[in-house]
Every structure is written in structure tokens, then in C-alpha cells.
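To start, the structure itself, in C-alpha cells.
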Amino acid sequence: MLADISLPAGGSPVAGSEIATSDIAGLGPAAARFYGPAPGTDILYVRCPSDVSLGVQRVEASEDPRLDVLELVRNVRLFGATGDGTTDDTAAVQAAINAGGAVYFPMGTYKLTDVLTVATADLLIFGPGTLQQTTNLKAIFLVTADNVTIDGLKLVGTATGDTSALPGSYGSAAIFKQVNRGGVRNTKQTNCSGVASAGGASVWLTGSTDVTVEGNTISGAKIAVNTDAFYGVSWENTVRGNRFTGCARGYVGDLTGANGANSYGDIVHGNRIDGGSGNGIEFDDCQNGFTCTDNVVRDGTNGIAVVKRCRDFTVKGNRVRGASAAGIVLDHDIGGYFIQDGAVQGNRVRGCQDGLQLRSCIRLEVLGNEFTLNTRDGVLVPDGYIPRHVKFHGNSVDQNANYGMDLADIIDWSLVGNSIYANGTAAANTYSGVRITRSSQDPKRIKIVANDFFASDAGYTETQKYAVEYTAAVVAQIKLALNEFGTQGTAAVSDAWGGIERYFNGGDSGAKRSVSSRRTAGNFAPASVSWADLTSAMDLVLAAQAGDQILVALNGFWGNDAVFGYLDVASIVSGSPVNYGSSGSGTQAADGLPGWVGPAAVYSPVGGSTLFTVAAGDLSGGQVTLRLRVKCSAAVAKTLFAQTADPLVFSAVNLGP
């Protein structure tokens, strides 16, 4: 704690000097006022908040660590700056900066006609003042010393800049060149970059490490923040909690410079970016990792663009809306190199042309994202780019205008646990949930497992033509298993070519291994004493060959009507029964399958299974069709329940030969 001291003779409050101490590291929310200078010195005095002392303090180093940043407070007014907006204050402000310590700008507009060079380390530049470029400069601040922080100022450029200046520095608010630590916080920057070329940023970090750009509002820039390696390796800089509005591009990490240096580890977190015409966030050739999390991006060309040879990255928890191209794009290879070893996780992308575009990627995880209500495709892989080894798991892809997923030239993809439904809203029964095609190479090793294509489960009307659509070129490479297809516009799967492997899918009439039919729309009431079809609407169609063993099961409930009810299963060819489960031949057992009998005057379950051996005569087009057959012991109706509370479920699994 500092001891109270008296205000020195001649000391008086400095005009416009009162600031909230929340603007000064560690001092809390109370107000502080600067006094002085003491006669014959340029040292200010500060009335500190009550948590430090109630008196007037001389601010000196290390007496209180909360005040170390104010070790020497230099008010630019004491060096001759006027802040009247018309007088050239450049020389006076530069003199205050050269004196070191902490440089304070009271309220006012400080006209600048040259760059302010900050070559003294451990410097704080702060206050409520406005710094105004009035000629085309390369920057307001050029920082070449470590641990320099610019805090709270208003920085205004000419929107033109000096096009002959340092590469990339065309009217910047601040350039950090080859420095460690420091940053720009809580400033308002307007029109501080003039040329949309390398750099051209309001804040430019080049060859710098551990610099933080936080809490700023930046508008009217060609690029809001650019980090690159033009002047050496840039490591682990942080761009956090900023608002970029009306900038052509928001953040650009262009991390391979002209000298071949490489940069990595940038953290771009919690920014809000809108009103741009280019990419909201762009990582360009970042070969050693980055993190892009919890940003909100609206408008622009691509919301988040990961381009060239980026690797070891995470794009997570971002919200993107209204991009004219893709919400998130990974694009593309250079000379055989790929974007690789990345994760796109937990993002929400809506109202863009495409939710996600993937080009020339390898070893990528796409997990738990939402790609919905986009004006073309939820996910697009254009022809000729061949992304490979991709895990697409747990995503929601729905209500996109065209395809849910339009995939060309893919290798070793797994689609697991996704919800893909109600796509093709632009034209019902025209586009599919997933379309897999080819152009330059045969897609290979595509596993589509445990996905939900059932729109009614989510309360939507299905508009997809197929759940899964594919071309002849990819037949041998697709495996479908444990999916729930529901009712699609045309069919679950576009099976014009046959031959894909289909296992245990619900609602898939062409599944090779397993199908299931479920009736809940209303009870049956058969009354015929002769064998008749129960309904063709519950037919099961399985790919099969002669000699296959098909396990057939039925689960349901008989009513307590005063007659017996009998059920059997038969193969159907050209609309007529051929063989029966009860006998394995064309001659049906009198009472059908024993476990499926309903006794008279008793409520009883229908349950159990039987093995049906496929004969050559049961087959049509490489498939066998199985149908339930029914009769009663007398010409009296026998209730077979099939409603929501008591569904009738008819299932079959092809066990092979």
C-alpha cells in the first residue's frame, strides 16, 4: 500500500485526465485522476481508488504491483500535444513515447502526419484520446519492441494508406514487427488499411510471438487483423473477443512468408465478424496448427476458409450465417500437398450457399456440426479433389435446398450417427440425402452406418428423392448398415445397379442382410377360412440367392375373438405364393407356423421365428419377397393388433448359405 502524500506545489488536475481505472491493469472499477506535474519534473501524480489509498499518490515502480504499469505516466499534453484536431501533434506524441513508461492520451483528437515508432520495451500506451492519420501513412504505430500494449484509444486512418510503404503496411492502426508479447486491447479502429494485398491490415503482426489483439472494434479495413511470417516466424498469437464490421476480410493468418519462415499456433476465439465482402476468417498455408473457436461470422464470401497446406488444426463451436459461398471451406492441394490432420467440430452453419466444402483433405474429423437451411448443399465435395480418410460422425444435415451431401471422388469415408433428412427443399423428390458420384477416380471404402434419414421423427415432411443415391462406378465400395431410412420420395436407396452391401437397415426394402416392417396404422381383422394375404404393404424384400437361410420373426398380439387365427410366411413371385415357412415347400401346413397361432377367446401374443430356406424358384431379380399369410378357423373376424400401443413388427435377416 502506498502512503498518502500531499499534492505538490503547482500541481493541478490535468484537463480531461479522469479515466475509469478498469482501463488500467489491476485497479478495479473506481475512478482515478492524474495531477501534476510536480515543479521541474514530468512525473504525474494520480488519485488512486479506495482499494489502493484515498490520498494523492506519487506513482513509482514496485511499491504496489497493481501500479507497475504506471511507473512513469507521460501525459502527451505535457510534451506539447494539443489534441485539438488541427495542430500537428506528431512530434510531441513521439517525444512522450520515447520517454518510456506509460503514455497517456487524454480526451481529444491528435493529428498525425508521420508514423509513431515504438522502440522502447515494456510500454503502455493508453487513454480515451483519438489518433487521426491525416496523410497517407504506412501505420499509426510501428512497434518494434517487446511487451508494448496499446489500450483504449480511438485510431482513425485515411482509408487509403501509403502504397509504397513496407509490404503489407498500408495505413495500419498498428504494426507489431518481430516482437514478443504485448498487444492491442479495447481500441476502436476505423479505416486503418488501404490496400487489399499482402498485409493491408488494421493490425498487422509479422514475425511476432505471443501478441494479443483483444476487445477491439475494427471497421472499414481491407483486413481487420493479419498475422504472417514476412519478417520471421510468428508463434502463438491470440485474436480474441473483437468486433470486425464492414471489413473486406476479418482475420487472415497468412503464415508462410517471403523468406520461407513458418508460423503456427494462432488462437482465434470469440470474435464477431460481419458485413465483409471476402472471407470472414482465413488460415492460409498454416502448416503447424491453429485453433479457431466460438466465433460468429456473418456475410462475406466464405465464413471460415482453411486453405493450402494447413494441418493440425481445430475449427470448433463457430456460428456462420449468410456466406455467399461456403460457411466453412477446406481448399485445397498445392503440388500434391493436402490439408491434413484437422477437426471441424460443433459448428453451426446456416443460410450459406454450401454449409461445408471439402477439397483435397486427408485425415479429417467432422464431428457434431449442424449444416442446415443452406441455399445449395449441406456438404459439397466438388469433382476432382479427392478428400480421403474422413470421419463424418454425429452431424445434422437437414433442410438444405439441394443435396444434404453431394460427394464426388471420395476415398475411405465413414458416415456414422448423422441425421440427414428433409433436404431437397428447392424441388421435392429431386435431390437426395447423400449422393455419391465419381469423376477422376473411383470412390473407395465408403461406410454409411447408423444414420437417421427419417424426417418424420423430427417433425418434417420428407423432400428427399433417396436417402442414398449413387452411380454405377461406386457400387462395389459402399456398405450400408443399421441406418433408419423411413419413407423417402422415391426409395431408400437408388438401386438401379444393385450390388452394394446393405445390412440391418430399417425401412430398406433392398437390404441384403436385414429388413423390418412395422405396422401401427390400424388393426387387421381377417375372417377367411382359406389362406389369404394379410397385406402386401408389409412385404420384406431381401437380396438373396438359392440356399440362403433367412431368419423370419414376427411380434404382435391376437385379440380374444371366439375363433382361432393362423399365420404363415410365404415367398411371393409374380404376386403369388410359392413356398411357405411352415413347410418349406409349395404345400402349406394346415395351421401355419406353430408359434404364430392365436387361440380362441384369449388375448395372446404372436411371437417366435422360423428359418426360411431360399430355393431358386423363390427368387426374382436376385431378390426374395416375403409376405404374411393368414386364415381363421371359422368365418368370423379375428383381431390382429397393429396400432401405436401394440405394433405388429415383421422382420427378416439373411444369414447366408
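For this structure, a couple of remarks:
- The single condition from (1) more than 20 Å from L648 (Cα to Cα); (2) surrounded by 16 or more Cβ atoms within 10 Å (Cβ to Cβ); (3) touching a residue at least 60 places away in the same chain (Cβ under 8 Å); (4) not β-branched (V, I, T) that Q549 fails is (2).
- Of the numbered criteria (1) at pLDDT 85 or above; (2) surrounded by 18 or more Cβ atoms within 10 Å (Cβ to Cβ), the one F485 fails is (1).
- Of all residue pairs spaced 6 or more apart or on separate chains, those with beta-carbon atoms under 6 Å, a first member in region 360-376 that is on the phi < 0 side of the Ramachandran plot and a second member that is open to solvent by 50 Å² or more (accessible area, probe 1.4 Å) and outside any strand (DSSP E or B) are T375/Q353; R376/Q353.
- Pairs linking a residue in region 518-532 that is among the charged types (D, E, K, R) to a residue that is in a loop (DSSP other than H, G, I, E, B), with Cβ atoms under 7 Å and 6 or more positions apart or on different chains, are R519/M538; R519/A642.
- Any hit, region 313-327, residues being more than 22 Å from R376 (Cα to Cα) and open to solvent by 20 Å² or more (accessible area, probe 1.4 Å): yes
- Residue satisfying all of: in region 251-282; in a loop (DSSP other than H, G, I, E, B), open to solvent by 20 Å² or more (accessible area, probe 1.4 Å) and at pLDDT 85 or above; nearest to K308 (Cα to Cα) among these: N279
- Of the residues contained in region 241-250, one or more are found to be in contact with an Asp or Glu (Cβ under 8 Å, 6 or more places away or on another chain), surrounded by fewer than 24 Cβ atoms within 10 Å (Cβ to Cβ), modelled with pLDDT of 85 or more and not in a loop (DSSP other than H, G, I, E, B).
- Of the strands (runs of 3 or more DSSP E) that lie entirely inside region 594-657, those containing 3 or more residues that are of a type in the set (V, I, T) and either touching a Pro at 6+ places or on another chain (Cβ under 7 Å) or modelled with pLDDT under 90 (or both) span 643-654.
- Every pair of residues 6+ apart whose Cβ atoms lie under 9 Å, when the first sits in region 121-143 and is among the hydroxyl-bearing types (S, T, Y) while the second is part of a strand (DSSP E or B) and open to solvent by less than 10 Å² (accessible area, probe 1.4 Å): T130/Y110; T130/L155; T134/L112; T135/L112
- All conditions but one from (1) surrounded by fewer than 21 Cβ atoms within 10 Å (Cβ to Cβ); (2) in contact with a Phe, Trp or Tyr (Cβ under 8 Å, 6 or more places away or on another chain) apply to G598; the one that does not is (1).
- Considering F313, F338, the condition of being aromatic (F, W, Y), at negative phi and under 15 Å from the mean Cα position of the chain (by Cα) is satisfied by F313 alone.
- If you check Q357, Q353, Q345 for being open to solvent by less than 40 Å² (accessible area, probe 1.4 Å), touching a strand residue (DSSP E or B) at 6+ places or on another chain (Cβ under 8 Å) and in contact (Cβ under 8 Å) with a residue 12 or more places away in the chain, only one passes: Q357.
- Residues that are at pLDDT below 75, out of contact with any Ser or Thr (no Cβ under 8 Å at 6 or more places or on another chain) and more than 14 Å from I420 (Cβ to Cβ) within region 456-475 comprise G459, A472, V475, listed in sequence order.
- Residues of region 554-576 satisfying the condition of being surrounded by fewer than 18 Cβ atoms within 10 Å (Cβ to Cβ) and in a strand (DSSP E or B): N555, V573, S576
- A121 open to solvent by less than 20 Å² (accessible area, probe 1.4 Å) and part of a loop (DSSP other than H, G, I, E, B): no
- Residue in region 510-522 that is surrounded by fewer than 20 Cβ atoms within 10 Å (Cβ to Cβ) and modelled with pLDDT of 85 or more present: yes
- Entirely in region 341-392, the strands (runs of 3 or more DSSP E) that have 1 or more residues that are in contact with a Ser or Thr (Cβ under 9 Å, 6 or more places away or on another chain): 348-350, 354-358, 370-372
- Of all residues in region 381-397, those satisfying the criterion of being out of contact with any Cys (no Cβ under 6 Å at 6 or more places or on another chain) and either surrounded by fewer than 24 Cβ atoms within 10 Å (Cβ to Cβ) or more than 25 Å from E462 (Cβ to Cβ) (or both) are P382, D383, G384, Y385, I386, R388, H389, V390, K391, H393, G394, S396.
- Looking only at region 394-405, and only at residues there that are assigned to a strand (DSSP E or B) and in contact with a Ser or Thr (Cβ under 8 Å, 6 or more places away or on another chain), the one that is farthest from R376 (Cα to Cα): S396
The values are calculated or read from the model by the stated rules, or taken from the named source; none is laboratory data. Note that the structure is a prediction, hence the values are computed from the model and not measured. A quick note on method: Cβ atoms are made from the backbone with ideal geometry, for glycine too, and the neighbour counts reach across all protein chains shown. Keep in mind that these areas ignore ligands, DNA and RNA; they rest on the heavy atoms of the full protein, side chains included. Shrake-Rupley method; radii C 1.70, N 1.55, O 1.52, S 1.80 Å.
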